1. Being open to solvent by 40 Å² or more (accessible area, probe 1.4 Å), aromatic (Phe, Trp, Tyr) and within 11 Å of chain A (Cβ to nearest Cβ) is true for just one of B:45, B:28, B:80. Which residue is that?
2. Quick check on segment B:108-129. Is at least one of its residues open to solvent by less than 70 Å² (accessible area, probe 1.4 Å), away from every other protein chain (no Cβ under 14 Å) and part of a helix (DSSP H, G or I)?
3. Just one of A:65, A:60 is open to solvent by 10 Å² or more (accessible area, probe 1.4 Å) and either closer than 30 Å to residue A:189 by Cα or free of Cβ contacts under 8 Å to residues at least 12 places away in the same chain (or both); which is it?
4. Can you tell me which of (1) open to solvent by less than 40 Å² (accessible area, probe 1.4 Å); (2) outside any helix (DSSP H, G or I) is the one residue B:85 doesn't meet?
5. Tell me, please, whether a residue that is touching a helix residue (DSSP H, G or I) at 6+ places or on another chain (Cβ under 6 Å) and within 14 Å of chain B (Cβ to nearest Cβ) can be found in segment A:263-284.
6. Within segment A:138-157, how many residues turn out to be touching a Gly at 6+ places or on another chain (Cβ under 9 Å) and in contact (Cβ under 8 Å) with a residue 60 or more places away in the chain?
7. Are there any pairs, at least 6 apart or on different chains, whose C-beta atoms fall under 8 Å, with the first in segment A:249-261 and within 13 Å of chain B (Cβ to nearest Cβ) and under 11 Å from residue A:280 (Cβ atoms) and the second in a strand (DSSP E or B) and of a type in the set (D, E, K, R), and if so, which?
8. Would you confirm whether or not segment A:64-76 contains a residue that is more than 14 Å from every other protein chain (Cβ to nearest Cβ), in a helix (DSSP H, G or I) and out of contact with any strand residue (DSSP E or B) (no Cβ under 9 Å at 6 or more places or on another chain)?
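The values are calculated or read from the model by the stated rules, or taken from the named source; none is laboratory data. Owing to the predicted nature of the structure, the values given are computational and were not obtained by experimental measurement. Cβ placement follows ideal geometry from the backbone for every residue including glycine, while neighbour counts extend to all protein chains displayed. Ligands, DNA and RNA are excluded from the accessible area calculation, which covers all protein heavy atoms including side chains. Shrake-Rupley method; radii C 1.70, N 1.55, O 1.52, S 1.80 Å.
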Amino acid sequence: MNHKISRRDLFTKGAKRTAAAGIAAVALPQAVKGATGSELATLLDLRKCIGCEACVYACKDSNAKKYPEPVKPFPVMHPVKRVKVEDWSENRDETTRLTPYTWLYIQRVKVYYNGKEQELNIPRRCMHCENPPCANLCPWGSAHKQSNGITVIDTELCFGGAKCKDVCPWKIPQRQTGVGIYLKFAPSLGGNGVMYKCDRCYDKIAQGEIPACITECPEGVQKIGPREDIIREAKAIALSEGVYLYGLEENGGTNTIYISPVPFDVIDRALEKGDGKPHIQPVADSMASADLLSKAMVIAPLAGIAAAAGKNFRMLKKIFSPEKENNE
Amino acid sequence: MNNSTDKSLKYARWIAIATLAALAITGFGQMPLYKRYYVSSIPGFRWTADYYITHNIHYAGAIILLTLTAYYTTRYFMQFRGVYRITRQGFGIILFLAVIAVSGILKVIASQKGVYFSLDFIFFLDLLHIIFSVLFLISAGIFKIIKLPWVERLEK
Ligand code: SF4
Ligand code: SF4
Ligand code: SF4
């Protein structure tokens with residue numbers, strides 16, 4: 001319990017620090033709002049993170065209004081053996097993994113690298129992929145991407161089928177049973193609640209404000225800005241300071257770039273992974289084959305028309321030069 | 001019209017039926033149903049629970065169907081118009097397929113990097129796609145049972 005209070009204290013400290021640094025820091029400059037039409041990205045410098053969890057609690061405080069308030073008892077869902085209830089409503093303070101009430105948590109790792117033991121704290125949440133499979137494959141468009149690069153799950157439309165989680169390379173979205181639109185249809189036959197994840201405080205961003213986890217961090221670990229600027233900066237730091245980057249190429253490119261003094265494969269080996277505890281491995285573009293097929297889809301009708309025209313051309317030729325055929 | 005044309009139409013018909021079946025199976029597979037209801041537990045059907053596989057097969061099916069449609073539509077206007085007549089129910093089917101195709105293509109566009117559609121529009125496309133798919137399947141089934149053809153050969 002003490003543990004939590006001290007973290008809360010740090011959160012307050014972080015808030016005070018932000019206030020001291022000037023409220024201007026909390027407002028999103030015009031360029032950051034994506035006025036240029038570009039996606040927003042964040043840069044997280046793991047060298048600075050002390051693992052205080054001020055960001056975790058800032059996220060919780062800032063987004064509490066969006067958290068699920070499930071109706072109990074839960075409807076019986078069939079087939080009972082296949083459809084498991086996922087209930088985090090009695091365990092809202094869990095901060096050692098992602099849950100519907102914890103959209104950001106700190107992964108703590110001890111790694112040995114270059115003969116030195118190092119401790120790293122990694123704030124983990126949705127990566128806000130550039131081409132997010134969670135959004136592209138959501139059957140209802142409830143998971144969708146905004147033009148500012150934010151991927152949001154609309155909790156009013158989500159049936160909680162967890163497809164977004166299944167197709168996410170990091171299995172980020174988390175389900176809460178007993179809430180959402182599925183209750184209004186056939187709750188025992190389809191759906192199982194609503195999926196939740198970091199929405200990059202899209203409502204704050206829309207107001208020109210900066211996400212809570214960024215403003216409340218006492219160490220200034222995170223930075224937000226237009227994707228091109230963030231990438232340029234990340235690459236420059238990697239080059240000049242010999243650090244490693246994650247998120248740039250992963251899943252075809254994400255809007256969350258981590259900077260680490262230790263290679264990410266070393267971190268990943270030491271990482272505690274599992275449900276709600278994402279890996280930090282290289283990830284190929286999940287949408288690559290679909291993108292290739294969609295290009296073929298553009299060519300398909302043209303090929304059909306060309307083939308038909310070719311066939312008819314041969315026929316017309318036959319019709320209009322019967323003598324030649326007869327002579328053969 | 002010669003025999004080889006009729007034969008090619010017969011093959012095309014079977015390819016279209018197989019493709020439409022694959023599209024229907026993989027289309028419904030976009031909803032999280034096959035794992036829940038043990039379809040993927042049937043030996044040989046494990047792939048039905050892999051969204052990437054069903055999604056790619058769905059796209060491949062769309063490619064085949066679009067190619068066939070473009071091919072036979074072109075040939076219809078260039079060559080078959082005097083030979084075949086599209087029936088009333090045929091026009092209904094064409095309408096359903098057109099809505100499915102247009103909403104599907106728009107959904108493919110929405111899934112491209114750097115393309116952003118509003119949530120409402122995507123939801124509308126999803127609904128349109130699924131409602132018209134169900135309408136198509138039901139009406140095609142009924143026309144088959146009561147033996148109403150989509151196209152008729154004109155008597156010469
Ligand atoms: S990111 Fe900042 S607020 Fe979050 S744990 Fe690290 S230092 Fe603390
Ligand atoms: S990290 Fe997962 S949940 Fe987040 S945008 Fe990417 S695919 Fe979606
Ligand atoms: S951006 Fe907002 S929702 Fe996402 S982790 Fe930070 S505070 Fe939470």
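1. Working: B:45 fails: within 11 Å of chain A (Cβ to nearest Cβ); B:80 fails: open to solvent by 40 Å² or more (accessible area, probe 1.4 Å).
On inspection, the qualifying residue turns out to be B:28.
2. No, every residue in segment B:108-129 fails to be open to solvent by less than 70 Å² (accessible area, probe 1.4 Å), away from every other protein chain (no Cβ under 14 Å) and part of a helix (DSSP H, G or I).
3. Details: A:60 fails: either closer than 30 Å to residue A:189 by Cα or free of Cβ contacts under 8 Å to residues at least 12 places away in the same chain (or both).
On inspection, the qualifying residue turns out to be A:65.
4. If we test residue B:85 against (1) open to solvent by less than 40 Å² (accessible area, probe 1.4 Å); (2) outside any helix (DSSP H, G or I), just (1) comes out false.
5. First pass over segment A:263-284, keeping only residues touching a helix residue (DSSP H, G or I) at 6+ places or on another chain (Cβ under 6 Å): A:279-281, A:283.
Narrowing further to those that are within 14 Å of chain B (Cβ to nearest Cβ): A:283.
Checked segment A:263-284: at least one residue is touching a helix residue (DSSP H, G or I) at 6+ places or on another chain (Cβ under 6 Å) and within 14 Å of chain B (Cβ to nearest Cβ).
6. Number of matching residues: 4.
7. The qualifying pairs do not exist here.
8. yes
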